[in-house]
Amino acid sequence: MILQLRNPLVFLDLETTGINVSVDHIVELSFVKLTLTGERIIKTQRINPEVPIPVESSLFHGIYDSDIKEEPTFKQVAKELANFLEGCDLSGFAIINFDVPMLVEEFLRAGVGFEIKNRKIIDSQKIFHLMEKRNLASAYTFYCGKVLEDAHSAQADTLASLEVLEAQVEKYENQPVVDLKKTKLGIIKNDMSVLHELTNANLVDLAGRMILNEKKEELFNFGKHKGKKVSQVLRNEPMYYDWIMKGNFPLDTKRKLTEIKFRDFNMKA
């Protein structure tokens with residue numbers, strides 16, 4: 001299939017110090033420019049972020065501080081990168097929510113103009129989700145080979161979800177489960193305790209506002225303290241607890257946060 005282009009199309013992917021666009025930085029970028037004649041021009045560059053790379057991020061993408069200490073900063077290459085992207089549309093997998101905002105943020109920090117309002121942005125993840133639905137009806141068809149009649153009626157959905165779980169266990173039993181870091185999370189078993197651990201192992205509260213890291217330490221999973229230890233935040237910024245308790249958060253989240261506060265600080269809420 002030859003893509004029909006009106007402008008050169010640059011496919012991009014970034015590796016970064018973390019996932020917070022406001023504070024994190026690019027450590028590696030790769031652009032593949034597809035020209036109107038079908039030529040592919042590849043530009044890959046490692047970047048010195050000028051801040052330490054957290055070990056969790058290094059374990060994910062394999063880039064450590066020692067690998068980038070001699071590399072240029074983003075500011076040093078920003079104009080060259082902007083010239084490479086001049087007049088190009090952008091594409092990639094899951095770039096709308098992260099890669100593009102991160103790239104724009106780095107250009108702004110460097111004081112180099114980079115506008116996206118006149119560019120087309122094509123996110124192949126969005127197309128994937130549009131075409132390959134991730135709902136119960138689609139799962140029922142995929143795993144059970146049936147069409148879900150009366151979708152969204154409670155009884156039909158409940159019976160379908162039973163059949164889906166039976167089919168999943170039959171299809172995947174004894175297969176390993178790995179995350180995006182290739183870390184083995186466990187093995188699918190016809191055992192509800194095992195399935196529970198696989199699907200809920202890192203949740204602290206049901207809303208997912210807090211999660212567990214690999215050391216089973218509670219981390220905030222939202223807002224300005226995302227990725228930080230709950231106990232550390234409560235110690236350094238006690239008013240954050242009060243803000244959550246007075247805010248529009250689920251009662252379960254407030255209850256779990258209070259449990260952590262009592263456990264770690266033996267203080268009255």
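The values are calculated or read from the model by the stated rules, or taken from the named source; none is laboratory data. Here the structure is a predicted model, which is why all the values come from computation and not from measurement. Cβ coordinates were reconstructed from backbone atoms using ideal geometry, including for glycine residues, and neighbour counts include every protein chain displayed.
Identify, please: which residue in region 56-86 is of a type in the set (A, V, I, L, M) and within 24 Å of the chain's Cα centre (by Cα) and is, among those, surrounded by the fewest Cβ atoms within 10 Å (Cβ to Cβ)?
Quick first cut of region 56-86, residues of a type in the set (A, V, I, L, M) only: 59, 63, 68, 77-78, 81-82, 85.
If we keep only those that are within 24 Å of the chain's Cα centre (by Cα) too, we end up with 59, 63, 68.
Working: Leu59: 12, Ile63: 20, Ile68: 18.
Filtering region 56-86 for residues that are of a type in the set (A, V, I, L, M) and within 24 Å of the chain's Cα centre (by Cα), the one surrounded by the fewest Cβ atoms within 10 Å (Cβ to Cβ) comes out as Leu59.
Of everything in region 235-269, what is assigned to a helix (DSSP H, G or I) and under 25 Å from the mean Cα position of the chain (by Cα)? Give them in sequence order. Steps first, answer last, please.
Within region 235-269, the subset assigned to a helix (DSSP H, G or I) is 235-236, 239-246, 251-265.
Matches in region 235-269: Tyr240, Ile244, Asp252, Thr253, Lys254, Lys256, Leu257.
Could you check how many residues of region 97-129 are of a type in the set (A, V, I, L, M, F, W, C), more than 21 Å from Gln4 (Cα to Cα) and not in a loop (DSSP other than H, G, I, E, B)?
8
With respect to Val194, determine if the residue is assigned to a helix (DSSP H, G or I), touching a Gly at 6+ places or on another chain (Cβ under 9 Å) and in the same structural domain as Leu148 (by TED's automatic domain parsing). Give the steps one after another, and end with the answer.
Values: assigned to a helix (DSSP H, G or I): yes; touching a Gly at 6+ places or on another chain (Cβ under 9 Å): yes; in the same structural domain as Leu148 (by TED's automatic domain parsing): yes.
It is true that Val194 is assigned to a helix (DSSP H, G or I), touching a Gly at 6+ places or on another chain (Cβ under 9 Å) and in the same structural domain as Leu148 (by TED's automatic domain parsing).
Which is surrounded by fewer than 17 Cβ atoms within 10 Å (Cβ to Cβ) and in the same structural domain as Arg109 (by TED's automatic domain parsing), of Ile53, Ile19, Ile26, Ile47?
Details: Ile53 fails: surrounded by fewer than 17 Cβ atoms within 10 Å (Cβ to Cβ); Ile26 fails: surrounded by fewer than 17 Cβ atoms within 10 Å (Cβ to Cβ); Ile47 fails: surrounded by fewer than 17 Cβ atoms within 10 Å (Cβ to Cβ).
Going through Ile53, Ile19, Ile26, Ile47 in turn, just one is surrounded by fewer than 17 Cβ atoms within 10 Å (Cβ to Cβ) and in the same structural domain as Arg109 (by TED's automatic domain parsing): Ile19.
Let me spell it out: the conditions are (1) crowded, with 18+ Cβ neighbours inside 10 Å; (2) among the charged types (D, E, K, R); (3) in contact with a His (Cβ under 8 Å, 6 or more places away or on another chain), and Asp89 meets all of them except one. Which number is the exception?
Going through the list (1) crowded, with 18+ Cβ neighbours inside 10 Å; (2) among the charged types (D, E, K, R); (3) in contact with a His (Cβ under 8 Å, 6 or more places away or on another chain), Asp89 breaks only (3).
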